[in-house]
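Heads up, the thing below is written out as structure tokens.
The values are calculated or read from the model by the stated rules, or taken from the named source; none is laboratory data. Because the structure is a prediction, the values reported are computed rather than measured. Counting neighbours? That spans all protein chains shown, and the Cβs are built from the backbone with ideal geometry, glycine included.
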Amino acid sequence: MTKIMHIGEAIRYVRTTLRLKIEMVAQEAGCAPSNLSRIENGRQRPSITLLEALARALQTPVSELYQLLEMHANTAQTINVSSALAQREWLQLRQDLTTLSSERRERLQALLAHLLSEQRKHNGALEAQAACPGSPGLAGRPRASRRVA
């Protein structure tokens, strides 16, 4: 488990989640890998210009780096394996979205809206069932009879 304490750790978290090598990100951002290493280890703070360049290299807005930092530092929460996996999936999805045409992004948004609507209906049905404990739900449904051949 990892506690994110400074912006360098947020940068390292995003970089490692995207499975990017420190040398590649440093080169893309225009700095030395040793410089990026010092930033990630909290021994050096990046200038605003370098922070913006690193964020571009990670294809992540600077604001998201700070949100990640604040979310975990302020609440003193730790990142467990499942949330790290979810974060990696989210970052990969964001990266994949940049390659889609605007028409396909619109289609994807429509599909997501439909899926979310279906999920809300499903969750509403479960909540209604939980709110009415006397209702039979699935347990009260008659079973299909089995034929013995």
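A single entry from 39, 11 fulfils the requirement of being buried (at least 17 other Cβ atoms within 10 Å of the Cβ), among the aliphatic types (A, V, I, L, M) and within 22 Å of residue 92 (Cβ to Cβ): 11. Taken together, the residues in the range 44-55 that are surrounded by fewer than 15 Cβ atoms within 10 Å (Cβ to Cβ) and either out of contact with any helix residue (DSSP H, G or I) (no Cβ under 8 Å at 6 or more places or on another chain) or in a helix (DSSP H, G or I) (or both) amount to 4.
With respect to residue 19, is the statement that it is in the same structural domain as residue 91 (by TED's automatic domain parsing), assigned to a helix (DSSP H, G or I) and either modelled with pLDDT under 95 or within 15 Å of the chain's Cα centre (by Cα) (or both) true? Taking the combined requirement at face value, the residue does not satisfy it.
Taking the numbered list (1) at pLDDT below 80; (2) under 22 Å from the mean Cα position of the chain (by Cα); (3) acidic (Asp, Glu); (4) surrounded by fewer than 12 Cβ atoms within 10 Å (Cβ to Cβ) in turn, residue 127 passes all entries but (2). Among the residues of the range 110-123, is any surrounded by 12 or more Cβ atoms within 10 Å (Cβ to Cβ) and either acidic (Asp, Glu) or modelled with pLDDT of 75 or more (or both)? No, that holds for no residue.
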